[in-house]
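**Q** Shown below is the structure under consideration.
The values are calculated or read from the model by the stated rules, or taken from the named source; none is laboratory data. None of the values given here were measured: they were computed from a predicted structure. Here the Cβ positions follow ideal geometry from the backbone for every residue, glycine too, while neighbour counts run over all protein chains shown. Ligands, DNA and RNA are excluded from the accessible area calculation, which covers all protein heavy atoms including side chains. Shrake-Rupley method; radii C 1.70, N 1.55, O 1.52, S 1.80 Å.
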Amino acid sequence: MALHNLALCLVIVSCFLVVICEGQSSVPVAPGLSYTFYSTSCPNLESIVRIHLLQVLENDTTQAAGLLRLHFHDCFVQGCDASVLLDGSTSGPSEQNAPPNLTLRQAAFKIINDIQTLIQGQCGQVVSCADVTALAARESVLLSGGPYYNIPLGRRDSPNFATTNVTLANLPPPTFNTSQLINLFSSKNLTTTDLVALSGGHTIGIGHCTSFTNRLYPTQDSNMDKTLANNLKLTCPASNTTNTTNLDLRTPNIFDNKYFVDLMNRQGLFTSDQDLYTDSRTKSIVQTFAVNQTLFFQNFIDGMIKMGQLGVLTGSQGQIRANCSATNANTMAFWSVFREQQQQGTSAQY
C-alpha cells in the first residue's frame with residue numbers, strides 16, 4: 001500500500017517536473033509507430049502494465065533495473081523486436097545464451113510474459129511483446145522515482161533471434177572505454193549525449209563482480225576511489241567471485257542523478273561508467289547531469305525514445321506473439337502436441 005501511494009505521488013509530481021504530453025520530446029517518430037497506436041484496440045494498456053508492476057516492485061524493487069536492462073539488450077541487438085525474449089530452438093542458441101545476456105534476470109522474462117497474459121485477457125492478441133518490454137522499462141523508471149515519458153508504440157515482434165556473434169558485436173561490455181562506447185552508439189545514430197544520459201540508467205541495479213574485478217586485480221585502477229576499492233575487495237575477494245553489488249553507491253534503488261555524482265567522486269563501478277568522467281568528450285556532460293537532474297531526465301527521455309525506435313518492425317512485418325518466449329508457429333505447435341497428449345491420456349482412462 002505504501003509503494004502504491006508513493007507511485008501515485010510520483011506520477012503526479014512527474015506531471016509537473018517532466019512535461020507529460022506527446023510533444024515532450026523533439027525526437028521524430030519512426031514510420032509505423034504512433035503515440036496513440038492502441039487507443040482503440042487496448043485503451044487501458046498502460047494501466048494494465050503499471051498496476052502489475054506496482055505489485056511486482058512492492059515485493060522487489062530491484063526488478064525495475066532488470067526490466068530497464070532487458071529493454072536495452074533487446075533494442076541494441078537487431079532492434080527493438082523482442083528477439084531477446086525468445087527461447088532457443090533447433091536453429092541454435094537464443095540471444096539469452098550469449099555471454100552478455102547470461103546475467104539478465106530470469107524474473108524479468110516472466111514479468112513480461114505475465115503482463116502479456118493480462119493484456120490478452122482484456123484486449124486480445126493485439127499488443128506486441130516488444131511494446132510490452134518498452135512500456136515495462138518506462139514504468140520501471142517512473143516507479144523508481146524517474147521521469148514519465150510517452151512512448152511511440154506499434155512495434156512488431158521478430159520471428160527470429162540474433163546469433164551469438166551478432167549479440168556480442170552489439171552489446172557493449174563493462175570493460176569498454178569511452179571511445180569504444182561512442183563508436184558503438186554512433187553506429188546506432190545515438191549521440192555522445194545520448195550515451196551519457198542512457199548510461200545514467202545505472203543509477204539503479206547491480207553489477208556482478210566479474211564485470212569490474214579487472215579494476216581491482218592484480219592492481220587497483222587509479223581512477224577508482226580507494227575506499228570504494230577496499231570495500232569492493234571485501235565483496236569480491238577474487239576475480240572470479242560470483243557476488244554482486246549496487247551500481248549506484250548513494251541511492252541504489254532510486255532513479256535520480258546520483259550516478260553522475262558517483263562518477264565525479266571516482267565511485268563508478270565499471271570501466272564504461274568511470275571513463276565517462278575521465279574522457280574530455282563526456283566529462284562536462286557528466287558534470288552537468290550531476291548538478292541538474294531535470295536536464296538529465298530530459299536527455300534520458302530523448303535517448304530512450306531514440307533507442308526504443310531502433311530497427312523496429314511495423315505494419316505487416318514480424319508478428320504479435322501470443323507467448324513472448326516463442327514465435328507463434330512454435331506456440332501453436334506446442335499446443336497441438338499438448339492437446340494430442342491430453343486426448344491420448346483421456347482415451348487411456350477408458
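**Q** Within 17 Å of the chain's Cα centre (by Cα), in contact (Cβ under 8 Å) with a residue 40 or more places away in the chain and open to solvent by 20 Å² or more (accessible area, probe 1.4 Å): does that describe Gly201?
**A** Considered against the rule, which asks whether it is within 17 Å of the chain's Cα centre (by Cα), in contact (Cβ under 8 Å) with a residue 40 or more places away in the chain and open to solvent by 20 Å² or more (accessible area, probe 1.4 Å), Gly201 comes out as no.
**Q** Tell me, yes or no, whether segment 102-125 has at least one residue that is touching a strand residue (DSSP E or B) at 6+ places or on another chain (Cβ under 6 Å) and open to solvent by 10 Å² or more (accessible area, probe 1.4 Å).
**A** yes
**Q** Would you mind stating whether Phe260 is among the hydrophobic types (A, V, I, L, M, F, W, C) and at pLDDT below 95?
**A** When the stated conditions are applied, Phe260 does not pass them.
**Q** Quickly run through segment 224-239 and pick out the residues that are of a type outside the set (Ser, Thr, Tyr) and either over 15 Å from Thr175 (Cα atoms) or open to solvent by 40 Å² or more (accessible area, probe 1.4 Å) (or both).
**A** Asp225, Lys226, Leu228, Ala229, Asn230, Asn231, Leu232, Lys233, Leu234, Cys236, Pro237, Ala238
**Q** On to the next question. Test Leu249 against the stated conditions and say whether it is more than 16 Å from Gly303 (Cβ to Cβ), open to solvent by 20 Å² or more (accessible area, probe 1.4 Å) and part of a loop (DSSP other than H, G, I, E, B).
**A** yes
**Q** Hey, another quick one. Show me the helices (runs of 4 or more DSSP H) found entirely inside segment 1-95 where at least 2 residues are in contact with a Gly (Cβ under 8 Å, 6 or more places away or on another chain), at pLDDT 95 or above and open to solvent by 70 Å² or more (accessible area, probe 1.4 Å).
**A** Filter on segment 1-95 gives an empty set.
**Q** Sticking with this structure for a sec: Any residue in segment 250-261 that's among the hydrophobic types (A, V, I, L, M, F, W, C): show its pairings with residues that are in a loop (DSSP other than H, G, I, E, B) and open to solvent by 30 Å² or more (accessible area, probe 1.4 Å) at Cβ separation under 7 Å, as long as the two are six or more apart or on different chains.
**A** Close Cβ pairs satisfying both conditions: Val261/Arg250.
**Q** Keeping to segment 86-145, report how many residues are touching a residue at least 40 places away in the same chain (Cβ under 8 Å), charged (D, E, K, R) and farther than 15 Å from Glu46 by Cα.
**A** So the answer is 3.
**Q** Could I ask something else about it? Just checking, which of Gln287, Gln293 is open to solvent by 60 Å² or more (accessible area, probe 1.4 Å) and within 24 Å of Ala136 (Cβ to Cβ)?
**A** Gln293
**Q** Sort out which residues of segment 252-286 are out of contact with any helix residue (DSSP H, G or I) (no Cβ under 7 Å at 6 or more places or on another chain) and assigned to a helix (DSSP H, G or I), and write them in order of number.
**A** Answer for segment 252-286, where residues must be out of contact with any helix residue (DSSP H, G or I) (no Cβ under 7 Å at 6 or more places or on another chain) and assigned to a helix (DSSP H, G or I): Asp262, Thr278, Ser280, Ser284.
**Q** Condition test on Asp221, is it acidic (Asp, Glu), out of contact with any strand residue (DSSP E or B) (no Cβ under 7 Å at 6 or more places or on another chain) and open to solvent by 10 Å² or more (accessible area, probe 1.4 Å)?
**A** yes
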